[in-house]
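Everything below concerns the one structure shown next.
The values are calculated or read from the model by the stated rules, or taken from the named source; none is laboratory data. Everything quoted here is computed from the prediction, not taken from an experiment. Neighbour counts are summed over all protein chains in view; Cβ atoms, including those assigned to glycine, are modelled from backbone coordinates with ideal geometry.
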Amino acid sequence: MTATAVQSATTSHARIQIFEVSTLYGAATLAAAIDAGQFGAPDDARRILLVSNNAAIPETSLRLDTMTGYDRIASRFDEVIDWNEAIHPHHPATWAPRPEEAPLWQRVFRTAWELGTAPVELIVESIQVNPAKALAAVFAESTVDVYADGLMSYGPTREELPQSIACRIGRLLHLDLVPGLRPLLLSEYGVEPELVPDEAFRGILSEIAEAADGDEQVTAAVEAEPTALLLGQYLASLGILSADEEEELHIRMLRGAAAAGHTSVIFKPHPTAPARYGTALNEAAEEADVRLTVLDGPLLAETFYERCRPTLVVGCFSTAMVTASVYYGVPIARVGTDTVLARLTPYENSNRVPLTVVDHIVPDLETGTGPAVPGAGPETLTPLVRAVGFCMQSRLHPLLRDETVAFLEKHRGNADMARYFDGQRLGKLGLPGGDPAARAGGSRLRRTLTRSGRS
């Protein structure tokens, strides 16, 4: 947008909406919500897409604006601003203004972005961390909407929010990835979840797929006539698995697909995955007599769902796996969730609920039970997620204690349920099934804290 156009937009709108985004999937969620009218009519406000690259080394990572379909989504906004450039040389994940400097930074951004004195509405992801938290601090009088673009919306808020931010959050917009399951995220602050309509999101995914017309890699992938798609994650980058273990996890996915009768498969690595994963998979594919195509271009896995409907999607606990089931009706299966459940630390790790959900409702490819379209999941899913959520963040959700106790008592001795909980954690919280030694330690800690509060 030119300076003249920005000035015109600033003076013609009574308010400004800033949409902070770091992934194409998240941007697609926002575009769907806009198309569904959840942010008002197009002329009601000047809309700014604030793009943040939160990778550890942004300069070497895939830029959002290079991904297939980005232009289609960006067209819904009046202007695009690069957050990394705005705060250079600071990193988006670590920079936040000092409290006394926040008003100064607001004046800086209002001048640089030509916002004038118009009221600003923030629409952000992951409000408990930067850059969303920094934006909320800078625009301290702004209303805040939070959007969640994956399974993490079903888990508890990672940490307690400052009251100055929590009291301004109006709603949580999220996709209906697990029908019937209500998000725990921000519920302790009375924030109401609001669904982004399925048809609006599916429409955005179709647009992104259309943008891949003529893409050589997509064309080659479709011509391979694959029937299965394997989804890589970045568990080694998160320190959950070693690089060798994650490599082996992908090989297990391929072997499981081959055992299920698939002779042509696609592997979609995560953008941060090491290149050697493709080499290891190629060797495993040759051994299993499977045709392997690696789809490592700058596009969403959902583009492939649109282009070549697979009959199987395999992952660990990737949101893209659930998207295949919910929006395309593709059967899905999981591999390796038991290993990750045993490794995931600390217990309050925000990946725990997504992992628990997938492990509980998606069939294990290696057990021979076959893939499925899970739908709403079993009746145990909601109480399980709420019990795990309480154990993760008991201080933020004290009202969940009684139902957690009831759930644990009901499933005492059930090994399938017990693996979602940590004995020491249960003991420290004084819950059924807890380690007695941890229970004693937790009691001593509570007594110490009580005495400290009285002194």
Checklist (1) in contact (Cβ under 8 Å) with a residue 60 or more places away in the chain; (2) crowded, with 16+ Cβ neighbours inside 10 Å applied to SER61, failing item: (2)
task: Kindly check whether there is at least one residue in the stretch 121-139 that is surrounded by fewer than 16 Cβ atoms within 10 Å (Cβ to Cβ) and either farther than 26 Å from VAL358 by Cβ or in the same structural domain as HIS90 (by TED's automatic domain parsing) (or both).
output: no
task: Specify the residue that is farthest from LEU292 (Cα to Cα); the eligible residues are those in the stretch 240-280 that are of a type in the set (Gly, Ala, Ser) and modelled with pLDDT of 90 or more.
output: SER242
field: Complete set of residues in the stretch 187-198 that are more than 22 Å from THR380 (Cα to Cα) and either outside the structural domain of ALA96 (by TED's automatic domain parsing) or in contact with a helix residue (DSSP H, G or I) (Cβ under 8 Å, 6 or more places away or on another chain) (or both)
entry: TYR189, VAL196, PRO197, ASP198
Answer residue from the stretch 244-272, given it is among the hydroxyl-bearing types (Ser, Thr, Tyr) and touching an Asp or Glu at 6+ places or on another chain (Cβ under 8 Å) and is surrounded by the most Cβ atoms within 10 Å (Cβ to Cβ) among those: SER264
message: Please list, ordered by residue number, the strands (runs of 3 or more DSSP E) wholly in the stretch 217-326 having 2 or more residues that are under 30 Å from ASN349 (Cα atoms).
response: 228-231, 264-268, 312-315
query: Is it the case that some residue within the stretch 301-320 is of a type in the set (Asp, Glu) and closer than 17 Å to GLY368 by Cα?
result: no
statement: So, first residue under 16 Å from ARG182 (Cα atoms) in the stretch 370-382, second residue among the charged types (D, E, K, R), Cβ within less than 8 Å, six or more apart or across chains; the pairs are THR382/ARG182
field: Filtered residues of the stretch 126-150 (kept if at pLDDT 95 or above, among the acidic types (Asp, Glu) and more than 12 Å from SER164 (Cα to Cα))
entry: ASP145
- prompt: Residues in the stretch 118-142 that are acidic (Asp, Glu) and in a loop (DSSP other than H, G, I, E, B): how many?
  reply: 2
Failed condition for THR68, given (1) crowded, with 21+ Cβ neighbours inside 10 Å; (2) free of Cβ contacts under 8 Å to residues at least 60 places away in the same chain; (3) within 30 Å of ALA212 (Cα to Cα); (4) more than 18 Å from the chain's Cα centre (by Cα): (2)
